[in-house]
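**Student:** I have a structure I would like to understand better, so I am pasting it below and will then ask my questions one at a time.
Nothing in this text is a laboratory measurement; each read-out follows from the coordinates by a stated rule. These numbers were taken from a predicted model, which means no experiment stands behind them. Cβ sites come from the backbone with ideal geometry, for glycine too, and all protein chains shown count toward neighbours.
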């Protein structure tokens, strides 16, 4: 946080994330901030978001960004701006980063934290020139995410994504994916495999923990490669991870090059 306190808090909201009434949740935060005499600006539109975050003078007046949405919304905002303090109002399905950092939907608590102004730094990874906060992947997992992203795009915005929204894309991916082999080149080795996951922290959907040692501020990116192709073998990996028995498995290779 800079010495000069900004004029307002900008709330970058996604009305289509999760299953809550997102506009109501945002309004509750606005009310809590107003009680503390903190001005707000709400931005729901994607084009308006991009215009604001590209405006240097606008950012100089902004005290902090509140990202009101899920992990995808967080990724979208962070890809446009990394030079303002950020808080997360968790309105998505998994809210992995918000959980990791201790954010909740308690409007009064968040307003108090913003007024106090204490910040912490976290790591960011980068792929194809874009930052990421949680993880990236190659393999069937990435194919499912791509299908969901394509499905949710509409002419006037985005569809609301819930947990069940992943079922049809997942079945299509499982049915059509042919498990090509890839080669991972890292700091000190080259690894071949059929599924790669790179994490900035130790959380994944549905409580799966692929890389138990990963921390969001440890300066490392932790990766995991699964060395067996096929649908049944991938299910085997998920079962092993759920049981916490994958770390030393003969078909799992793990590492942690610098972020």
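**Student:** When the residues of the stretch 189-207 are narrowed to those that are exposed (fewer than 15 other Cβ atoms within 10 Å of the Cβ) and either free of Cβ contacts under 8 Å to residues at least 24 places away in the same chain or within 20 Å of residue 71 (Cα to Cα) (or both), which ends up nearest to the chain's Cα centre (by Cα)?
**Tutor:** Filtering first and then ranking leaves 205.
**Student:** For the stretch 81-99, does any single residue satisfy the condition of being out of contact with any strand residue (DSSP E or B) (no Cβ under 6 Å at 6 or more places or on another chain), touching a residue at least 12 places away in the same chain (Cβ under 8 Å) and in a strand (DSSP E or B)?
**Tutor:** Yes, because at least one residue in the stretch 81-99 is out of contact with any strand residue (DSSP E or B) (no Cβ under 6 Å at 6 or more places or on another chain), touching a residue at least 12 places away in the same chain (Cβ under 8 Å) and in a strand (DSSP E or B).
**Student:** Do you know which of the residues in the stretch 122-143 that are part of a helix (DSSP H, G or I) and over 16 Å from the mean Cα position of the chain (by Cα) is farthest from residue 81 (Cα to Cα)?
**Tutor:** Checking each candidate, the answer is 140.
**Student:** So, in the stretch 16-28, exactly how many residues are under 16 Å from residue 70 (Cα atoms) and either crowded, with 20+ Cβ neighbours inside 10 Å or in contact (Cβ under 8 Å) with a residue 40 or more places away in the chain (or both)?
**Tutor:** Final tally of qualifying residues: 8.
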